[in-house]
Each structure stands twice: as C-alpha cells, then as structure tokens.
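The values are calculated or read from the model by the stated rules, or taken from the named source; none is laboratory data. Predicted model, so just to flag it, every value in this text is computed and none were measured. With ideal geometry, Cβ positions are generated from the backbone for all residues, glycine too; neighbour counts draw on all protein chains shown.
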C-alpha cells in the first residue's frame, strides 16, 4: 500500500513535469514581442528595471544563460547563421576580437554613447557598445597584514620578494577569466620578452595556481568572510571588498579585505552589448542597446553584477561610493593583440609556471 | 521441428528490431546526429583545417603525454575503487544492520554535488588544516597532487561499485560458498574460486563504468588536481573555449571516443563470455545479521572507511551551512535586490526534481527496451557498446553539437526543457543498460521456457518472471539516472538553458560572488541538494512491483 502511494506520487510529479509550469498569460491587445538576450552566468539586473522596458516596448525579454564568457562567445560564433539570441550582453575585451573576426554582430551606434567616455569605445565600427567595466586586481587579507611584519604589496615586483613567499594565490589563465586578466597585466607591465621571467620568480616564491576564481577566493584565500584558505593575497576584483560588506549578512562597517589599485597592477575588463547578425526584431534589439546604456539600467548594474557602469551620469549605490575603488591607470593591451597572442602567451606561461 | 526452430529464430530477430527501435532512434537523434555535425563543422571550420598541422599536433609528445596520463589515472583510480568498494559491496550484500539504507544513500551523495563544493569539502580532509595533518604534522597537504585526484575518484565512484555489485551479490546463493567452506576450503580460496567467478560479470560492468567515468574526468582533475594535470577532456575544453581551435578539439574528441569504444567493445565481448545463468535467491535468504566477532569487525572497518571518505567531508559542509544558525537558509528565501536571476529555493528544488524524474523515466524505458533486445542477441555486444559512447564523449563537444543541430528543423528544441531532459537521459542510459544486462543474463532460461510452455505470452513472461528478478537492478539504474540528472552532468553545461533554474545552477551563481552570505547560501543550497537527493534515493529503492516477492 505504502509503495503504491509513493509510486502514485512519483507519477503525479512526472505528469506535473509534462504540464506547463505557469498558466498562459492573457494576451494583450497585441501580443508582446519576445527579444532573446544571451548573457554569461554572472548577469543579473532588477526585475523592476526589466519590467519598465517590457511595458514601454510591449516586449518580453528572455535571458539565456550561456555559461562563462568564453562559452557564450563560442556558442554565438557556431550558431552565427541561426543565432541563439537577438542580442548578446557581456562579451569582454579579452574575447571581443574573436567575435568581431567571426562577424557575429551588426553595427549600431546608440545615441546614448554620447555620454560615455571614449576610452571604453573599442570598436570604431560600433558593432558593440560598452556597458560596464571591472578591474581585476590583487586583494589582500587586512587582518593578516595588520599582524604581519610586512605591509601589503604595492607593486607586482613586491610579490617576488621573499617576504611575500607563499602568500599569493592566482587563477590559471587557461581556465579562468580573472586568471587571464592577471597574466595580461604582467605582460603589459614587463613586456612580452620579460613577463615569463617574472612568472618564474613568482614560481620560485611559491605562487599557488588554481583553476577558477571560486577555488582561489573561497578555498585558498584567507581574507574573505566566507573564505577558508590560508593565503592572504588573491587575484580578484577591485569591487570585491565592497561586495564583502554588502554580502556580509551582518552590519559590517569595514570590509575584511582590501584591493590594491596601484598603477600598472590591474587589468580593466570592459563588457559590451551587441546586436547579433540574423537575429529577430532588429528595432527592438536597438531599443535594448539604448536601454542598457540608459541611466535606469546603468545605475542598477553595480549591486547586481559588482562592476562599474560605463555611464558617468549613472548613480552609484552607497556601498560602492564608500568601499569600491577603481584602478589608477590599469594595464593596457589592444583587443587585437590579445586575440592574436592569447594561445602563444598561455602556452608559454604553462611551460614556465606549471611544467 | 526444424521449421519451428527457424521461425522461432526469426521471431527473436524480429523481437530484437522491435525492442531496439526506440533506443536506437534516440541514440541516433540525440547522439550520433549532433556528434557528426559538430565534427563536420569543426573540420571545415573557417578553413582553419590543415591536415598536416592537425596530424602533427595529434602526434605531438604533449598530446601523447595527456593520453598517457588520462589512461594511467583512470586505470589506477578504477583499481583503487574496486579494491575499496568490493568489501563494502560484500557487507551490504550479506549483512543486515541498522541504518543500512541511509548509509547507502549517503555514499551516492557525492555524485550530485558540484565539484567546486566537493573541493571545499575535501580541503577539510586533505588540506593542511585537516585532522590528518594534525596527526602527521605540518607540511601535510595532499591538495593539487595525483593522490588528490585518485582519492576524489574513489570518493565519487565508490557508490557505483557498491550499488551495482551489491545488488547482484545479494541474490547469489550463499549455499555455494557454504558448501565449499564445509568441504574445507579457506575463505580466501572460496572467494577466489567460487564467489569472484560468479560475480565477474557485474564487477566488470561496474569497473568499466568507473573506468570511463575517470577516463573522461573533468572537474576533479581541473579543480582538485590543479593546473598541472590535464586529461583529454580538460584539453578538449581548453582547445574549444579558450583557444577556439575547433579542428584539434574535434580530433581529440574523436580520439577519446575511439578509446572508449575500444574498451567498451572488449568489455561487452568479455561480458558475453563470462555471464551465466544462476539460481538467484531473494534477499531475505542471503542476508543476516553479522554474528561472529570477525564479521562485526569487518563490517565496522568498512563502515568506518565510508564514514571517513564520504560522510565526514559532507558533514563538514552541512555543519558550515549552519555556521550562523539558520541565517544562510533564511537568506535563500529573500531577494533584497529584486534580481531577475534570483532563484527561489523551492522552485529550484521543484525544477531539479521534475527534470530528474522525467530523465529517469525516459532512461528506464529506453534502457529496459535496449537491454531486453540485447541480452539474447548473438551480435548484441557490438550494439551494446554503442550505448556506452555518450559517457565517453566530451561534454563540450556534444553540447556544441546540440547547439548546431537542435535549433533547426526537424528538431526545434533549443532552449526547451525537453532538450535538457533528453541530454540527461543520454548520459543516464548507460547506467541503466549496464545495471540491467548482468541481471537479465543471470536468469535461468528454463524459467522463461517453462513459463512460455505453460502458455504465457512474452509480455506476461516479462512481467511475471523477468521483471521481479531484475527489479533490484532496475532500481540501481534508476538511482543513477536520477543522480546524473540531479547533479547536472556533462553536455547540459553547454546547453543554453531555458528560464528554469535548477539547484546546481543556483549554487554556481552564489559561488561566483564574494561575501560570507554568498558562500553560506551556496553551502545551504548544497545541503538542500544533498537532502533532496538522499530522500530521492531512498524512495526509489523502496519502490517494488506490487504483489511480487522482492529479490
């Protein structure tokens, strides 16, 4: 008898799976058009902001989570002729060149671009528009350095000093985007012919390389309130200390970590939005790009994605104003240079650091 | 008379085609079609293909090193898992003790957890702050070593050996062993000469599953092994995503599939030779409470191993999720910033369960049809091997294949829940087939024959003779099908998801942000995933066909 009950329950669950999860909404005067937006897994934004757009344009936005940025770009390139979505949000400057070469975007010059600093506009044909940016930089455990004999490092060279031996954890540039960003920082700082020497010195100073940001920050780093590791210096973002305060779960006044933003020690990841070739509802897609650059969307970015909006007129939330910092003169490498040399740089790095 | 034999053979042939039709069509549409498409597109990818370059890359010493490492670690992992898992399977097959169901369910939990979470759990066992390190002194750190990979593979796959072998072992007639003992054979000799040969089919089947699992290992190698180690699967991912070298990625994928096919063929051929019909006994005949002190010691030793290897790291995770009382759990139900990607925990549980149950149902139906078609077929072993291929195929490759083929007619499934269910089914199917075949092959033909002689239709023979006997094996297959789906395996990570967040996706979202609350919520969500899965395992095991004696 009991078994029958369980069986019936399972069957009922299975049937529930076949039924549509939600009842169909009653159709409006004209049915809303659906715009598909492809994003990476870190994308998020307020429901209210999205609803405002949907109401104004009689549209429905469908967001597709395509995994990490590299996966998203590969998927867009492979499905170019019959795209998965109409708009892509979140491709960054380390992958931009690959997508541009594969010609997956159509040009569109948004009006809102006028309010955005030129430094963020990396494609002069306007195939993509910048929407947000974040600085990848070193974070350190403040409690550790309060008690330690050394002060927190201020330059990349400091990290090769024996005083900092065994303190740093970084991500593998072959599998992690902040990892790649930090590798690019060192290439920008030391040049193509000397960056490997720098890494060999780091290796001699017992740098730890792990696969992803989560492993580095939560398993190996000691600074974050949720971190379980023992190393007090990690590659993370300039906004991480602000996130530590915001997500502390208790009224924390000061972050347990701090970011190092000294000149030449950070890499700036700029994210873009672009209209995909062969996508549907071109006019609506253009409206979405304008919307992504509008102040209502831009002001909503910080607390959802923990990066800065590109618009200078966007309002920053208080926790950003107090605790988030920006890099002073971050490392610079052109998108073309990155795409052309990525494989060679990473392979050389693997040989120098891992073998 | 002769004519009759011929017609019966024809009928059997016909039966084969009828039974195999659905599973083979499924495999054709959701495996071979996307696979050939991605390989074709990759090889003609923007004219990047230069056969000489590709060939030299494939034969480069670095590639050979990767293949060698992939094979070596998989081999050692499999041997270790067998060595540790078989004694466990024995105590579960022969002894009855309190808490058995729960312990067995707990051993399967690692399968559903994201590797990042497992890595966090493992640092409590392998890291410099572990209990072991306290004993062995400073400097003890097994993380990012080959040992970490091997231990993690045992951690994951122990349950495969335990469940598969245990199910079969518990139906073996203990009278055979007792007779040998009475005749004066020492226990080891009894095991070597009587038990092991009888068990061989199921040990081989569990072994090949574990081997292929380790052979295509991705997360464990990447996260726990650290960047120094690379398996073929890791290399394929890197070539596809990071370097966009699609021709090389496709070629490496084919190499991996080719190896998988080779071993599977060798195995299915062997399987056919070593399987034999047995007089199976229901469990209540074969199981008893441990009595002698030696038996109790053996039982306790095995349970301790499971406790140290599995329960302790998982328990550490659970405890940490309660580190601030219920705060992390309460936070799961809140969405202070009104984000559109907020995942209500109950919805995630509902979505995960719904997809898992659908995938399990489909995998069971297809797996049952395939196994029934295969097990009396002369060249069945050739077809059988095909069902293992999805397990040995790179998830990235298959995912991109889905991307190319499932968005256009005739299959407009892109972004649908159905596609996720089909992808999970594809990976779950090998578990069901592998679990069912040894059980079916062990049925005495005369049972079927006498039922048929008495006038039972083939369907009735199946329902009243075969089904009760293979029920336990079916339950084992069901548990793994459910598990594979709950843990979001393989190809699905590359499928663009519909608006239907599952528990693992919620965990990944929390883990991608700094802050105590995010980490705590990831742990809380993991705890929920473990709890739901344990309930699922126990419920599936308790299901019995009504009115029949359980085996």
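Regarding region A:338-352, can at least one residue be identified that is over 30 Å from residue A:195 (Cβ atoms) and within 18 Å of the chain's Cα centre (by Cα)? Within region A:338-352, none of the residues are over 30 Å from residue A:195 (Cβ atoms) and within 18 Å of the chain's Cα centre (by Cα).
Give the residue that is nearest to residue B:243 (Cα to Cα), with candidates limited to residues of region A:47-61 that are at the interface with chain B (Cβ under 10 Å from one of its Cβ atoms) and touching a strand residue (DSSP E or B) at 6+ places or on another chain (Cβ under 8 Å). Once the filter is applied, the top-ranked residue is A:61. Answer yes or no as to whether residue A:355 is part of a loop (DSSP other than H, G, I, E, B) and closer than 30 Å to residue A:244 by Cα. So residue A:355 does not fit the description; no. For the subset of region B:136-170 comprising residues that are part of a helix (DSSP H, G or I) and over 16 Å from residue B:80 (Cα atoms), which member is modelled with the lowest pLDDT? Checked region B:136-170; the qualifying residue modelled with the lowest pLDDT is B:136. Before we move on, is residue B:418 more than 24 Å from residue B:270 (Cα to Cα), away from chain A (no Cβ under 14 Å) and without any contact (Cβ under 8 Å) to a residue 60 or more places away in the chain? No; evaluated as a whole, the condition is false for this residue. Inspection of region B:232-244 finds no residue satisfying the criterion of being away from chain A (no Cβ under 11 Å), part of a loop (DSSP other than H, G, I, E, B) and without any contact (Cβ under 8 Å) to a residue 12 or more places away in the chain. Filtering region B:173-185 for residues that are outside any helix (DSSP H, G or I), under 27 Å from residue B:475 (Cβ atoms), more than 15 Å from the chain's Cα centre (by Cα) and in contact (Cβ under 8 Å) with a residue 60 or more places away in the chain leaves a non-empty set. Working only within region A:62-83, note down all residues that are in contact with a strand residue (DSSP E or B) (Cβ under 8 Å, 6 or more places away or on another chain) and without any contact (Cβ under 8 Å) to a residue 60 or more places away in the chain. Passing the criteria: A:62, A:63, A:64, A:65, A:66, A:72, A:73, A:75. So is residue A:80 at pLDDT below 95, surrounded by fewer than 23 Cβ atoms within 10 Å (Cβ to Cβ) and more than 7 Å from chain B (Cβ to nearest Cβ) or not? Here the answer is yes, as residue A:80 does meet what is asked.
Just checking, does region B:380-391 include any residue being in contact with a strand residue (DSSP E or B) (Cβ under 7 Å, 6 or more places away or on another chain) and under 30 Å from residue A:65 (Cβ atoms)? No - not one qualifying residue is present in region B:380-391. Just one of the listed residues (B:505, B:528) is modelled with pLDDT of 90 or more, part of a helix (DSSP H, G or I) and under 24 Å from the mean Cα position of the chain (by Cα), and it is B:528. Kindly provide the set of residues from region B:328-341 that are surrounded by fewer than 18 Cβ atoms within 10 Å (Cβ to Cβ) and within 12 Å of chain A (Cβ to nearest Cβ), ordered by number. B:330, B:334, B:335, B:336, B:337, B:338, listed by residue number.
Being within 27 Å of residue B:321 (Cα to Cα) and either in contact with a helix residue (DSSP H, G or I) (Cβ under 8 Å, 6 or more places away or on another chain) or crowded, with 24+ Cβ neighbours inside 10 Å (or both) holds for only one residue in A:274, A:229, and it is A:229. Would you check which residues across region A:124-161 are farther than 24 Å from residue A:197 by Cα and part of a helix (DSSP H, G or I) and list them? Of everything in region A:124-161, those that are farther than 24 Å from residue A:197 by Cα and part of a helix (DSSP H, G or I) turn out to be A:142, A:143, A:144, A:145, A:146, A:147.
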